[in-house]
Amino acid sequence: MPGKITAVYAGLLGLLLLALSVNVIRLRFRHRQGIMDGGHKDLALAIRVHGNFAEYAPLALVLIFLNEIASYPAWSIHVLGLALLAGRAAHAWGLARSDMRTPGRTAGMVLTFAVLAAGSLMALAAGLGWR
């Protein structure tokens with residue numbers, strides 16, 4: 001069945017998103033802040049970490065899925081999935097520690113951008129019949 005590999009990474013990334021969501025909720029309860037961040041830096045940062053994940057992971061997963069159903073080799077789909085998972089985890093970890101540049105944040109964005117670039121080029125090649 002096409003999509004089985006992507007399903008594994010979507011599941012793992014879904015769990016990471018859930019953890020980031022629970023962190024935001026925990027801080028909202030701590031600060032009694034139902035909406036926005038109320039000027040609490042830790043809550044603002046947690047909201048941003050969650051938001052950044054939500055901005056990048058969905059499109060990357062769509063690209064990985066499209067490349068999987070385009071019959072790219074399984075190893076290439078795993079490379080994209082692992083890179084995305086590692087990148088999003090590293091970015092969330094690095095950004096959660098500081099809103100400035102950290103090795104985790106930098107590595108996370110490099111990996112995420114690599115997945116977006118490679119996945120986009122692979123999808124273009126498949127869509128245009130160049131592979």
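Here are the numbers for this structure:
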quantity	calculated
In nm, spacing of pseudo-spin labels at Phe113 and Gln33 (7 Å Cα→C-beta vector)	2.9 nm
Amide proton proximity set for Ala70, modelled H, under 5 Å, gap of 5+	none
Set of segment 90-122 residues, backbone N closer than 19 Å to the point 7 Å along the Cα-Cβ line of Leu59	91-92, 106-122
Mean separation of Cα contacts under 8 Å (6+ apart) over length of the chain, as relative contact order %	26 percent
Cβ-defined net charge surrounding Glu55, 15 Å radius [Lys, Arg +1; Asp, Glu -1]	+3
Inter-label distance for Ala86 and Asp42, nm, one decimal - labels placed 7 Å from Cα along Cα-to-Cβ	3.1 nm
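Coordinate-derived values only; no laboratory data. Quick caveat, the model's predicted, so the values are computed rather than measured. Quick reminder, even Gly has a Cβ in these numbers, built from the backbone with ideal geometry, and neighbours come from all protein chains shown.
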